[in-house]
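The values are calculated or read from the model by the stated rules, or taken from the named source; none is laboratory data. Remember, it's a predicted structure, so these values are computed and weren't measured experimentally. Please note: Cβ atoms are built from the backbone with ideal geometry, for glycine as well, and neighbour counts cover all protein chains shown. In case anyone asks, the SASA skips ligands and DNA or RNA and just uses the protein heavy atoms, side chains included. Shrake-Rupley method; radii C 1.70, N 1.55, O 1.52, S 1.80 Å.
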Amino acid sequence: MNNELDRLKIPAIGLIIAGVLNGITGLLILIGGLFRLLKPGYEQPMPVDGAEKIGFIFGTFIIYGIAAISLIAMPVIIYGAIQMMKGKRAGLAKAASILAIIPVTACCFAVGIPFGIWSLVILSKPEIKAIFNGTAIPPSLDPPQPPNF
């Protein structure tokens, strides 16, 4: 059983790193936008054309929206990865893996995609499912039997 839990550690640590990077990136984007709004004398060049103006506003909302969603998804990804490392709450571990893969919920999805896919593959294995279900057979601590000659 311990060997199977060891197989969960590296993808779980990768998910934790992806979650932290998502949170830091989202926070920096939102703080940068806030400073841009509050800086006195700073004038954002607004496009004159109607279509460019709509595109500019839409793009701005998309960038800050993804940053906010990344910041909200960060604790779920990190907590799910920690539970995965412990062999508990398989549903939350899968949710964390999926959130790390989706570009809209993760600013640093380039880090989250490989670890999220790796986590999902490992979580789908029967011996790993047995750990989460509590039906895994613990390793035998009995000494090996001598061979019969």
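For the reader, a short list of remarks on this structure follows.
- Any hit, the stretch 83-102, residues being touching a Pro at 6+ places or on another chain (Cβ under 8 Å), among the hydrophobic types (A, V, I, L, M, F, W, C) and open to solvent by less than 30 Å² (accessible area, probe 1.4 Å): yes
- From the list Phe109, Phe56, Phe61, the one residue that fits, being surrounded by 13 or more Cβ atoms within 10 Å (Cβ to Cβ), out of contact with any helix residue (DSSP H, G or I) (no Cβ under 9 Å at 6 or more places or on another chain) and either modelled with pLDDT under 85 or farther than 25 Å from Arg7 by Cβ (or both), is Phe56.
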